[in-house]
1. Those residues that are part of a strand (DSSP E or B), within 15 Å of Arg95 (Cβ to Cβ) and not small (Gly, Ala, Ser), I need them from segment 21-56; list them, please.
2. Does Val26 fit the bill of being at pLDDT 95 or above and surrounded by 18 or more Cβ atoms within 10 Å (Cβ to Cβ)?
3. Output the residues belonging to segment 53-100 that are under 15 Å from Val24 (Cα atoms), at pLDDT 85 or above and crowded, with 19+ Cβ neighbours inside 10 Å.
4. Looking at segment 9-20 only, could you name the residues that are surrounded by 13 or more Cβ atoms within 10 Å (Cβ to Cβ) and either part of a strand (DSSP E or B) or among the basic types (Lys, Arg) (or both)?
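The values are calculated or read from the model by the stated rules, or taken from the named source; none is laboratory data. In this text the structure is predicted, and so the values were computed from the model without any measurement. Here the Cβ positions follow ideal geometry from the backbone for every residue, glycine too, while neighbour counts run over all protein chains shown.
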Amino acid sequence: MQLSTSTKADVTTLSCHAPDAEQVSVAGTFNDWRQDATPMKKNRQGKWTVKLNLSAGRHEYKFIVDGAWCCEPGCDGPHAGCPSCVGNEFGTMNRVIEVE
């Protein structure tokens, strides 16, 4: 699974490559961490995306892939191998995006 983000003209696109997943959504500080609030759409190549209008500032989030919360494969425990992730109070990691 590959994850990416891009920010362009007040629209932030979050992406997650999970071709075998049946359902993917994103939860974070921008939607009160509600796992069903922001479903993502899958393309034919197995890439899931969602476009968001995020306010300026720092936002933390995680993907929910078939019911399992994840920051990034191999990066859900606190360690230095995930530069765009930060530790959370549950001992796992959150993704971080800064919007200008």
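1. Result: Val24, Val26, Trp48, Thr49, Val50, Leu52.
2. yes
3. Scanning segment 53-100 gives Tyr61, Lys62, Phe63, Ile64, Val65, Cys70.
4. Once the filter is applied, which keeps residues that are surrounded by 13 or more Cβ atoms within 10 Å (Cβ to Cβ) and either part of a strand (DSSP E or B) or among the basic types (Lys, Arg) (or both), segment 9-20 yields Thr12, Thr13, Leu14, Ser15, Cys16, His17.
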